[in-house]
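Since the structure comes first, as structure tokens, the remarks are kept for the end.
Every number in this text was worked out from the coordinates using simple rules, so none of it is lab data. Fair warning: this is a prediction, and the values are worked out from it, not measured in the lab. Here the Cβ positions follow ideal geometry from the backbone for every residue, glycine too, while neighbour counts run over all protein chains shown.
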Amino acid sequence: MKATVFLGAGRITGALLAGLHQAKYRGSVVVHDRHQQKLRRLKTLYGVHAEGDLHGAVERAKILVIAVRPDSVGALLQEIGTIHRPVIAVSLAAGIPLANLRSALGPRVVWARAMPSPVSRSGRGLTALTFDHGFPSAAKRDVKALFAKLGPVIEISERKFDAFTVTYSSSHGYHALATLAAEAEKLGLDRRTALTAAAHALSDGIVAWRESSITLETLLSEAATPGGIAAATQKAVDRAGYSRAVAAGLAAGMKQARKNAKLA
């Protein structure tokens, strides 16, 4: 039986396997990596098939997931060489466009890009997909079905992919949580209470927005009543340059994506 094969046993592969395991995914899963310790760990945790030989792993693939860092993609594809049978290849490498991938591995391989979240380990991940021209409908259904096991899936055009990538990362939330909680500790809250308060501020309010029909603007005005503590806090944050800081962060991410595009 042909399998979903992950090339690379790093953090994102671990998160995706955790999500598939939680979803009770019944398909065959194979993982290849040069580091045997990583393979043994994933095999123990999730019952996947560990394959130390690259070409042995590729030979078993129906869906081949390229899950290595962008600066490793070119060398990996060169090492694989030409594949002489139909295979669906899905690249997780941020910033590397389909134009740089479609000539790799031979004409029988069709390419997609996926941007899944580490939050996929909980089944609440969000994955963006984009497909090369001529991508078969049946293959597209297979790719969407795989990532749907991990949470919501959206299909977007490739020209929007980098902007999505720099915006959707769970690192934004984790960074904000760590920063807000650390500042609350300076005000006298203990670590646990500070994290509880900050997590409510960031996550519970957003869940309420997602699960209601109330606009974000309405909820924001409700939470930050004029003359109140929240309103004063919000104004001070804006004056300190919150929007400028976010804009600078997204710009840096887009710049890195453009650098990645030249790697493969």
Study note, to complete from the structure: Quick shape check on the chain: root eigenvalues a ≥ b ≥ c of the Cα gyration tensor, a/c under 1.5 is rounded, otherwise prolate if a/b tops b/c, else oblate, and it reads prolate
Revision key, fill the gap. GNM on the chain, Cα springs under 10 Å; top mean-square fluctuation among Ala247, Ala15, Ala223 goes to Ala223
Check your understanding: For region 93-177, which trypsin sites (Lys or Arg not before Pro) are in a loop by DSSP, counting at most 11 other Cβ atoms within 10 Å?
Key -> Arg108
Check your understanding: Between the helical axis of 137-148 and the dominant principal axis of the chain, each derived from Cα atoms, what acute angle in degrees is found, rounded to the nearest 10?
Key -> 50
Point to revise | Built amide H within the under 5 Å cut-off of Ala61, gap 5+ | key: Ala3
Exercise for review: Using R₀ = 22 Å, calculate the FRET efficiency as 1/(1 + (r/R₀)^6) where r is the Cβ-Cβ separation of Asp238 and Arg11; round to 0.05.
Suggested key: 0.05
Review point. Which of Gly205, Gly173, Gly123 moves most in a GNM of the chain, Cα contacts under 10 Å?
Key: Gly205
Review point. Residue by residue, what Karplus-based ³J(HN,Hα) values in Hz, rounded to whole numbers, does region 252-264 have, using 6.51, -1.76 and 1.60 with θ = phi - 60° and x for Gly and Pro?
Key: 5, x, 5, 4, 5, 4, 5, 5, 4, 4, 8, 7, 10
Check your understanding: So for the chain: antiparallel DSSP bridges make up what percent, rounded to the nearest 5?
Key -> 15
Practice item. Rounded to whole Hz and in sequence order, give me ³J(HN,Hα) for region 40-48 from the Karplus expression 6.51 cos²θ - 1.76 cosθ + 1.60, θ = phi - 60°, writing x for Gly and Pro. Key: 4, 5, 5, 5, 5, 6, 10, x, 7
Check your understanding: What percent does the relative contact order of the chain come to when contacts are Cα pairs within less than 8 Å and at least six residues apart?
Key -> 17
Check your understanding: Karplus couplings for region 72-83 from phi (6.51 cos²θ - 1.76 cosθ + 1.60, θ = phi - 60°), rounded to Hz, Gly and Pro as x?
Key -> 9, 5, x, 5, 5, 5, 5, 5, 5, x, 7, 9
**Study point:** Highest-MSF residue in the chain out of Gln37, Gln78, Gln234 [GNM, Cα springs under 10 Å]
**Key:** Gln234
Study note, to complete from the structure: Amide H proximity to Phe6 below 5 Å, modelled H, separation 5+ or other chain, gives Val30, Val31, His32, Val65
Point to revise | Most positive-pole-ward Cα, Thr82, Pro118, Ala257, against dipole of the chain from beta carbon charges | key: Thr82
Check your understanding: What's the extension gain from His133 to Tyr174 if we count 0.36 nm per residue and subtract their Cα-Cα distance?
Key -> 11.2 nm
Practice item. Express the relative contact order of region 170-260 as a whole percentage, based on alpha carbon pairs under 8 Å and six or more residues apart in sequence. Key: 15
Review point. Which distance in Å, rounded to a whole number, links the C-alpha centroids of region 5-32 and region 145-205?
Key: 23
